[in-house]
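What follows is one structure encoded as structure tokens, with my remarks underneath.
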Amino acid sequence: MDKKRRNLLGKLALAPVLLGTHSLAAGPKRESSASTRLQYSVNAYSFNSMLRNGGMTFFDMMEFAADIGLDAVDLTGYYFSSYPEIPANSELFRLKRKALELGLNISWTGIRNDFVNPDGNARKADRELIRKWLTVSSNLGASIMRVFTGRHSYEGFTKNEVKEWLVEECKTCAGYGAETGVVVGLQNHNEFLFHSDEIIDILKRVNSEWFGLILDIGSLHSGNSYDEIEKLTPYADYWFIKEYVYPGGNKTPVDMKRIATILKNQGYQGYISFESLSEGDPQQIITSMFNSFRAEYENL
């Protein structure tokens, strides 16, 4: 990324705000006496088109994150050219070295999986994929790796039967997480578990300090989104903040002050990652989201 582009990104970080007027074994998060220990990241999916068409690399993404004042980046697995095969360690170590130069953490990785698929062999293959990419995550220094429930049709089985598969698969993966030192984080993704209560039920049934929750505020479409978010907050090991929420399934601009208030009241002290799914310049959108949230949080 050239000097002119870096200067432009630096100015974006100062632009006016554009948007918005754990693990179960350890129990709910403990409040800290520090004013805040929030760390800010950006999820690679925000740059989906650019990463796929060559308009941006992970190195460019890191420079953008550093320029606007973020603390970390999320490097999603399927933007590595080798995916689903794991990349060479030399590639991973170059990314680690770049992050060090920029003063960033690589906080998160993620893969695609489907644990509600009735095909046991397919679930086994996804388990193996998770095991391999947990090693990648560990080699990058990431503390958590995202997994999904999946959205496969399970005709002929009850939802409770499918939940049994899901719990057993997640228990196995939590064991892999313990071996690699990386938390397996279930992202609620509006695809099988639609309510906070059933998400919490799965977390409790897996019951491992190596299995946690990546709380996606934009994927709670049933009922009052903010109430659902607040219920999940004590269990969250990582947050995804998006520009829209969906109360009752209706797309609505996020109330950053309300999200900031929920986080502050809970005393959350971990990573918050911004992810944009909107049309437009993702760099400007992410910059605006970050500035908006930080201003609301610091003014509480």
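Structure data summary
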item	result
Lone qualifier among Ile272, Ile259 - being assigned to a helix (DSSP H, G or I) and under 25 Å from Phe64 (Cα atoms)	Ile259
Test: Ala88 is over 26 Å from Leu166 (Cβ atoms) and buried (at least 21 other Cβ atoms within 10 Å of the Cβ)	no
Subset of the range 87-144 that is part of a helix (DSSP H, G or I) and of a type in the set (S, T, N, Q) - its residue that is farthest from the chain's Cα centre (by Cα)	Asn121
Restricting the range 275-298 to residues that are part of a helix (DSSP H, G or I) and among the small types (Gly, Ala, Ser), the residue that is nearest to Leu51 (Cα to Cα)	Ser288
Pairs where the first residue, in the range 228-244, is on the phi < 0 side of the Ramachandran plot and modelled with pLDDT under 95 and the second is among the β-branched types (Val, Ile, Thr) and not in a strand (DSSP E or B), C-beta under 8 Å, 6+ apart	none
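The values are calculated or read from the model by the stated rules, or taken from the named source; none is laboratory data. As the structure is a computational prediction, the values presented were derived from the model and not from experiment. Positions of Cβ are backbone-derived with ideal geometry, glycine not excepted, and every protein chain shown enters the neighbour counts.
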